[in-house]
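The values are calculated or read from the model by the stated rules, or taken from the named source; none is laboratory data. This structure is a prediction, so every number in the text was calculated from the model and none was measured. All Cβ positions, glycine included, derive from the backbone under ideal geometry; neighbour counts span all protein chains shown. Heavy atoms of the whole protein, side chains included, go into the accessibility calculation; ligands, DNA and RNA do not. Shrake-Rupley method; radii C 1.70, N 1.55, O 1.52, S 1.80 Å.
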Amino acid sequence: MLLRRLPSSAVSVAVTALSRRWTSPYFLLSQRRLQSFNSISFYPKISLISFSSTSEIPSETTDLISDQSSKRGPLKPGLYLVGTPIGNLEDITLRALRVLKSADVILSEDTRHSGKLLHYYSIKTPLLSYHKFNESQREHTVLKRLKEGEIVALISDAGMPGISDPGTELAKICVDENIPVIPIPGPSAFLTALSASGLSTDEFTFVGFLPKHAGSRKERLMTSASETPTQIFYVPPHKLSQFLEESSLIFGDSRQCVIARELTKMHEEFWRGTLGKAKEAFLTRQPKGEITLLIEGNSNCSVETPSESQLENDLRELISSGHSLSSAVKLVAEGTSMKKKMIYSLALRKFAKKNKAEDSN
């Protein structure tokens, strides 16, 4: 997304003496060392580790990336969709670093923003801007390079390319042109929020950003309000109050929701409660940072059994429009929870004369 996700200001490491003890480039601590941290709260009050664009990674990191590259051999040409951190720079994989280091070019939503990540990991690969405003103009250039056998990595400002970010159209074109498209999995804001939300994760619908048009927005919210899976939205911070006002009218004030903000960053926050309470809480408070908002699914969507008069009217309309008795019965049965046999019995009683006429013909 075009909103900024990585911290721009430096925050010092709180425990300086421990900064030289990391045993791997991804700061994996032994169990003995982790036990010594039991008295320290990492989130949300204290963030021991944060980075600035001037930070330097240990030399072991570069050595490990080089070592992995030599063991696995060169990458094959193609388009690599690389997931990047949504906030905390530690949230990147060895494979992602290897691809970014080995690529011929990196397509980036914002080259200045992504440059901070590359600088931190000492990656010198050239950057080329690629965002929603120049996708069509870049298409020919990128395809030409891919067809010439280059390795092209695509990243967004944060998260996975193509998920509410540029990348979908380029991936489709590459598939049509038989150019390999290789996903390099990484962080995703909506999955991160869902996993810690406390709402059902068995089924969910990722809606993303709502339409700007009020009518289309209302239609989308009405669809979501009737669904049983957890509904997940991306909401700009300056539109949170509007979203809560509109959604509470459609979902109802009592529907549970979770507002996840600044995920993986120092000021990470999870607000939990009903839509009605959320509307009150954020009426005068406009939070900063990107927001993932989750609403529990509809638990009161049991199918009502239609009355006999309703079934009769439905059958009459279908028969009047030219459907045969059996065809009308089939169509009505598909739209209800009742058995077809029962509807057919009703049809025979109510439309017996018409049925006999059909049989004689």
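Numbers for the structure displayed
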read-out: Solvent-accessible area per residue for the stretch 65-194 (1.4 angstrom probe, square angstrom); value: 44
read-out: Members of Lys124/Lys288; Lys101/Lys132; Lys76/Lys144; Lys132/Lys265 lying beyond 28 Å, as alpha-carbon distances in this model show; value: Lys124/Lys288
read-out: Net charge of Cβ neighbours under 13 Å - reference Glu169; Lys, Arg +1; Asp, Glu -1; value: -2
read-out: In Hz, Karplus ³J(HN,Hα) per residue of the stretch 235-245 (6.51, -1.76, 1.60; θ = phi - 60°; x = Gly, Pro); value: 10, x, x, 6, 10, 4, 4, 4, 4, 5, 5
read-out: Given charges at beta-carbon only (K, R positive; D, E negative), |dipole| of the stretch 146-241 in Debye; value: 520
read-out: In nm, spacing of pseudo-spin labels at Thr228 and Glu269 (7 Å Cα→C-beta vector); value: 3.5
read-out: Partner aspartates and glutamates for Lys116 [C-alpha distance under 14 Å; skip if fewer than 8 residues away on the same chain]; value: Glu56, Glu90, Asp157
read-out: Carbon + sulfur, % of accessible area of the stretch 104-177 - ligands and nucleic acids excluded, 1.4 Å; value: 51
